Amino acid sequence: MQFTLESLLSATNGELLTGNSQSECNGASIDSRNVASRALFVPIKADRDGHDYIANALSAGAAGFLTSSRQAIPDETVASTAIGEFFAIGVDDTSEALVNIGRMARQRFNTVVCVTGSNGKTTTKDFLSHILAGRWTVGRTEQSFNNELGIPLTLVNAPDAAEVLVAEIGARKKGDVAWGTDILKPHIGVVTNVHHAHVGEFGSQEGIAKTKSELPAALPADGFAILNGDDPLVDAMASVTDAQILRFGFGDNADIRATDLTIDANLTAHFTLVTPRGKVQCQVDAAGEHTVCCALAAAAASYALDCDLDLISNQLASAPRSTGRMEIINTTGDWRILNDAYNANLDSMRAGLKSGAHMARQATPPGRAFAILGHMAELGDTTEEAHIAAGEAAKALGYEAVVAVGPYAELISSHVAGDVNEAVSMLQAMSGGLNERDVVVLKASKMMKLWEAAPLLLVANKAEPVDLEL
């Protein structure tokens, strides 16, 4: 999104320290390593002080920067004529200034849809953005930029022509969702579920539900609250909102629901989407039942925006999947990896394991299911119980072998590896090498970087990834 220097000064109540008053910038970045050409660099003081990287950002092509130092040229390198012309704006607090620029950017959108919940936020956001892109120019949260910095960056970096914004709101403490809605001012709010993610911070699922309910509570009376009718804690949020209610799910109480669901060996889901305006056949790739629920949430929000049912169906069928989220890696050895290692809690761990076992069982003839599982973070007092339950889930689903890595690994499996490399070596030895129709599930919190096991498995089995229909 393009901004004039005048608008930036007004939004931030900043002081022009140097530069041409007619300057403009396009979007913003807080990371000097990925500053786009002519973007605004916003240095953040965290573990490292972003002010130390202003010169790098300018060298990478930034149009200018904010600074809390109130100095026009904070480093001799910045003064180098090789960098060219730039502007600098002095502000009291760069993080607060970024938020205020985000508030200014919010005024350009006709419609904002926000998504929150314990699991499935990013998948729902991706589905919804893809559906709406069939009708409008859409801005959206990139990756999982859903916190106090990611939310304003989402607003500021949206396309100038965007009519609709689809944004995630994450939460690590009470009030985070309310803070996000105050900036985003959504017309439509989607709550995917209330599970065990971050229960360590909130103390209980009820505590999580109270925070997630801050989204429907913030919606206007002419807006829509899109609620998971299969989740009692989410369904109860209907009582806190003045907005119109649309429920999604598999039960009869859902306004937008899936019937006749089948999932094949490639995790392609086929179902009938039932709505008050009629029915349509839908297909979603790389989808367990939990992913179909995300598709239903996206369909419900699209329905609230009067999208045609055929548009919803067609866009769901062509929706791409994010790397590390139910990502199927086919191989030249005709065995597969289910890379769901972007993040994990007990509920998503069970769902991922269920999908991997389904892939192996549905093959003809059936293959074997293996897993490399890792630590699930931020579970508080439920941590030990959750890791034990993950191991029990794999056992109940008939996994041939499970290797665990990271803290509490011994509670998941008796086969414990010291790191990802050792985990792959152990799995190789236990499997005798991967065969046709075998499936390996990778699942852990992202701190474990368990996705690094995928290329190691390919090398160990002398295979390469391929794009094919199995």
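The values are calculated or read from the model by the stated rules, or taken from the named source; none is laboratory data. Because the structure is a prediction, the values reported are computed rather than measured. Backbone-built Cβ (ideal geometry, glycine too); neighbour counts: all protein chains shown. Side chains included, ligands, DNA and RNA excluded: accessible areas come from the protein's heavy atoms. Shrake-Rupley method; radii C 1.70, N 1.55, O 1.52, S 1.80 Å.
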Quiz item: About its Cα centre, what dipole magnitude does the range 345-464 give when the only charges are +1 on Lys and Arg Cβ and -1 on Asp and Glu Cβ, stated in debye to the nearest 20?
Solution: 460
Exercise. Rank 284, 95, 301 by how far each Cα sits towards the positive end of the charge dipole of the chain (+1 on Lys, Arg Cβ; -1 on Asp, Glu Cβ) and give me just the farthest.
Key: 284
Self-check item: residue 36 versus residue 261: modelled label distance in nm, points set 7 Å from Cα along the beta carbon direction
Solution: 3.6
Quiz item: By how many nm would the segment from residue 48 to residue 311 lengthen if fully extended, with 0.36 nm per residue of separation less the alpha-carbon distance?
Solution: 90.1 nm
Quiz item: Which one of 418, 151, 275 is farthest out on the positive end of the charge dipole of the chain, using unit charges on Cβ (Lys, Arg +1; Asp, Glu -1) and the Cα centre as origin?
Solution: 275
Exercise. Kyte-Doolittle cut-off 0.5, length cut-off 15 Å along the helix's own axis using Cα: show which whole DSSP H helices in the chain pass.
Key: 289-304, 420-431
Quiz item: 222 nm [θ] for the chain, helices only, -39500 (n - 2.57) per DSSP H run of 4+, per residue, to 500?
Solution: -9500 deg cm²/dmol
Quiz prompt | Anisotropy class of the range 294-387 from Cα gyration tensor, a/c 1.5 cut | solution = oblate
Quiz prompt | the chain - accessible surface per residue (Å², probe 1.4 Å) | solution = 41
Practice problem: Any of 125/173; 185/449; 173/395; 210/395; 174/279 with alpha carbons more than 31 Å apart? Name them for me. | Solution: 185/449; 173/395; 210/395; 174/279
Quiz item: In nm, to one decimal, how far is the residue 103 label point from the residue 142 one, both placed 7 Å along Cα→Cβ?
Solution: 2.5
Self-check item: Prolate/oblate/rounded label for the range 1-73 (Cα gyration tensor, a/c 1.5)
Solution: oblate
Practice problem: Could you tell me what percent of the accessible area of the chain is made up of carbon and sulfur, with a 1.4 Å probe and every protein chain present? | Solution: 46
Quiz item: Once the Cβ-Cβ distance between residue 244 and residue 281 is put in as r, and R0 is 30 Å, what FRET efficiency do you end up with, to the nearest 0.05?
Solution: 0.65
Quiz item: Between (i) 4, 19, 25, 24, 18, 7, 1, 0; (ii) 4, 17, 24, 22, 17, 10, 4, 1, 0; (iii) 4, 20, 30, 27, 15, 4, 0, which matches P(r) over Cα pairs in 10 Å bins from 0, in percent calculated for the structure shown?
Solution: (i)
Quiz item: How far apart, in nm, are the 7 Å Cα→Cβ label points at residue 464 and residue 322?
Solution: 3.0
Practice problem: Specify, per residue and in Å³, the volume enclosed by the convex hull of the alpha carbon atoms belonging to the range 95-146. | Solution: 90
